[in-house]
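Note sheet for the following structure.
The values are calculated or read from the model by the stated rules, or taken from the named source; none is laboratory data. Not measured: the values here are computed from a predicted model. Here the Cβ positions follow ideal geometry from the backbone for every residue, glycine too, while neighbour counts run over all protein chains shown. Side chains are part of the model used for accessible areas, which takes the heavy atoms of the whole protein and leaves out ligands, DNA and RNA. Shrake-Rupley method; radii C 1.70, N 1.55, O 1.52, S 1.80 Å.
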Amino acid sequence: MKDVPDESIDLIITSPPYNLGKSHHTGNNRFKSYGEYDDNMPEELYQQWQIKILNECHRILKPSGSMWYNHKNRIRNGIQITPYEWILKSKFAHLVKQEIIWFNGSQNFDKCRFYPMTERVYWFTKNPKTKMFNSINHHDLFDKKDWKPVGTKGQFKRAFPVQMPQDIIKCFPDAKVILDPFMGSGSTGVACLNTNRKFIGIELDKHYFEVAKDRIEATQNAVMQRQREHTFN
């Protein structure tokens, strides 16, 4: 991301690895960590890393730009860790415009607490006067009918649904260049093609980079086919 020029990006939509540990359970299944990044950094280093990423995102955003950051409250050593612990140490500390709740129905059924089944999507800006247009006419709670969770069979890593970035993009009609610094399987890129926007994606894991590349190319071909059919009709 250091190669991206200052104040060149209109909109950032991303979801970093959550640092959930070497293994993670969903329902009755337990999955091991994955890929280049094992999702088990010391918590202090993880938070420092996230602050660094957020500060870089702040640097590359245009003055009128926005960032949407998907994360969650996590339990470590029996104590909840909230993303605000590092958000409020970043350059976005006083620029949190809104917090969206995503009820995705994650199957965490530990009876030692009320079942944690939500994630958060934070809206950051560089200017407190920056606005969006709620073109999808929605409130600040999205459930799994709105944004259905998706994932890779047999692996812990999950992608956020294409509908999430697609809904967000629709609320920023002037955003032309969109970036995802944790591209994963390419959901933001697919959403950009579906909404006729330019996309920049960054991904460390070579496997997921190839998955994203193939997925984005397939979407691009489908979009071009629809355009040809519309022209002929």
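One table, with the values for the structure above:
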| read-out | value |
| --- | --- |
| Segment 67-187: C-alpha pair distances exceeding 20 Å, % | 50 percent |
| Helical contribution to [θ] at 222 nm, DSSP H n ≥ 4, -39,500 (n - 2.57), averaged over the chain, rounded to 500 | -9000 deg cm²/dmol |
| Choice from Ile136, Ile216, Ile168 with maximal GNM fluctuation in the chain (Cα, 10 Å cutoff) | Ile136 |
| Pairwise FRET efficiency - Asn40 versus Arg113, Cβ, R0 = 30 Å, nearest 0.05 | 0.85 |
| Accessible area per residue, Å², segment 36-116 with all protein chains present, probe 1.4 Å | 53 Å² |
| Ratio Rg/Rh, restricted to segment 76-130 and using Cα atoms, in which Rh is the Kirkwood radius | 1.08 |
| Förster radius 35 Å - calculated FRET efficiency between Arg228 and Thr82, Cβ distance, rounded to 0.05 | 0.15 |
| Rg(Cα)/(2.2 N^0.38 Å) for the chain, N = residue count | 1.02 |
| Segment 122-138 - phi-based ³J(HN,Hα) in whole Hz, Karplus 6.51/-1.76/1.60, Gly and Pro as x | 9, 9, 10, 9, 9, 10, x, 8, 4, 10, 10, 10, 6, 6, 8, 6, 10 |
| In segment 52-114, the trypsin sites (Lys or Arg not before Pro) that fall in loop regions by DSSP, at most 10 other Cβ within 10 Å | Lys111, Arg113 |
| Virtual paramagnetic centre 7 Å along Cα→Cβ of Glu210, amide N under 15 Å, in segment 181-200 | 185 |
| Of all accessible heavy-atom area on the chain, the percent that carbon and sulfur account for (1.4 Å) | 52 percent |
| Diffusion constant of segment 35-97 at 4 °C, which comes from Stokes-Einstein with the Kirkwood Cα-pair radius and 1.567 mPa s, µm²/s | 100 µm²/s |
| Longest exposed-site-free window of the chain, the sites being GluC sites (Glu not before Pro) in a DSSP loop that have at most 16 other C-beta atoms within 10 Å | 37-233 |
